[in-house]
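J.: The structure under discussion is supplied below as structure tokens; questions concerning it will follow.
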């Protein structure tokens, strides 16, 4: 029978305490534009919980919702300069820095499903191509979470490309206005807060807001004039991102880096599945409510995609943007979405 002396036990205890003390702690301040009670806000909270639990508390995250520290469009710079550590909004807010961010933020007219878009990131060379862009601004792309295609809200049926002629609708600035202007529509850039009044008064005929479930929850289809939508969508599928200060991320232990990235893959899947279910439920409820949902044919979607790709070329004015457009185009061909 082995007898442990006090000195041996003391040494063992010291070794255990030393090992515990040597465990590195990573502290991060992350901001998202989503409200904590929103579906995406709850998904973000789940991501934070997963990271902290899987790291056994070694990664400690202070989360800021609803852009409570800086404005949404300023989150990226706040992380790059150290005011925050990570940005959980989306790359499309940074197109003013470089139009290349359009092609990691909202690849308009590109992929049909979140799974195709995510496959470009992880299996189509996207993560390496995007890294060059983010690193140029002292940031590291950790991953994406994509909620799926967006749907229109409209006062008239939008069932084919020709229906866009003279259609006045609220559009975000940038690439989207170029695409729809080329198709004969009349995109009007306005703040989201003005959309409901503009629809009620007839200033606009429709609006690009968000995914069908989000549109329904906001009450846009409750407006008397707005009784048309399209589902599933085809024109816009934003990629929300998690991007962190590169110096901060590089200083993290490799195990912490791996936890952050793998947890993002989990968030990606959960986000896509959550909204796929929510959108289907919203579609059923809206049909019962008397809203007409137009399902676009493959031929009509192909027409829109060709128009979008033509606008991509005009929008891609930097080397980084051109490289991303080439990468997406090659992968779309590989998937059989472009000939």
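The values are calculated or read from the model by the stated rules, or taken from the named source; none is laboratory data. Fair warning: this is a prediction, and the values are worked out from it, not measured in the lab. Using ideal geometry, Cβ is built from the backbone for each residue, glycine included, and neighbour counts are taken over all protein chains shown.
J.: Pick out the one residue from 196, 169 that is at pLDDT 95 or above and closer than 25 Å to residue 73 by Cβ.
T.: 169
J.: How many residues, within segment 259-307, are out of contact with any strand residue (DSSP E or B) (no Cβ under 6 Å at 6 or more places or on another chain) and assigned to a strand (DSSP E or B)?
T.: Qualifying residue count for the region: 0.
J.: Quick check on my filter: what residues within segment 197-222 are without any contact (Cβ under 8 Å) to a residue 40 or more places away in the chain and touching a helix residue (DSSP H, G or I) at 6+ places or on another chain (Cβ under 7 Å)?
T.: Of everything in segment 197-222, just one residue is without any contact (Cβ under 8 Å) to a residue 40 or more places away in the chain and touching a helix residue (DSSP H, G or I) at 6+ places or on another chain (Cβ under 7 Å), namely 204.
J.: Can I ask one more? Looking for something at pLDDT 95 or above, in a helix (DSSP H, G or I) and under 30 Å from residue 290 (Cβ atoms) - is there at least one such residue anywhere in segment 145-156?
T.: No, the conditions are met nowhere in segment 145-156.
Quick grid of which residues meet (1) over 24 Å from residue 339 (Cα atoms); (2) surrounded by 22 or more Cβ atoms within 10 Å (Cβ to Cβ); (3) in contact with a helix residue (DSSP H, G or I) (Cβ under 9 Å, 6 or more places away or on another chain):
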residue	(1), (2), (3)
102	no, yes, yes
112	no, no, yes
116	no, no, yes
136	yes, no, yes
139	yes, yes, yes
151	yes, yes, yes
155	yes, no, yes
159	no, no, yes
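J.: Related question: Quick check on segment 25-47: of everything there that is assigned to a helix (DSSP H, G or I) and in contact (Cβ under 8 Å) with a residue 24 or more places away in the chain, which residue is farthest from residue 60 (Cα to Cα)?
T.: 39
J.: Okay, next question. Does residue 243 satisfy being within 30 Å of residue 25 (Cα to Cα) and part of a helix (DSSP H, G or I)?
T.: no
J.: State which residue is nearest to residue 32 (Cα to Cα) when the search covers only segment 225-251 and only residues that are touching a residue at least 24 places away in the same chain (Cβ under 8 Å) and surrounded by fewer than 20 Cβ atoms within 10 Å (Cβ to Cβ).
T.: 246
J.: Continuing with this model, one more query. Look at residue 116 and say whether it is part of a helix (DSSP H, G or I) and farther than 22 Å from residue 314 by Cα.
T.: So residue 116 passes the test.
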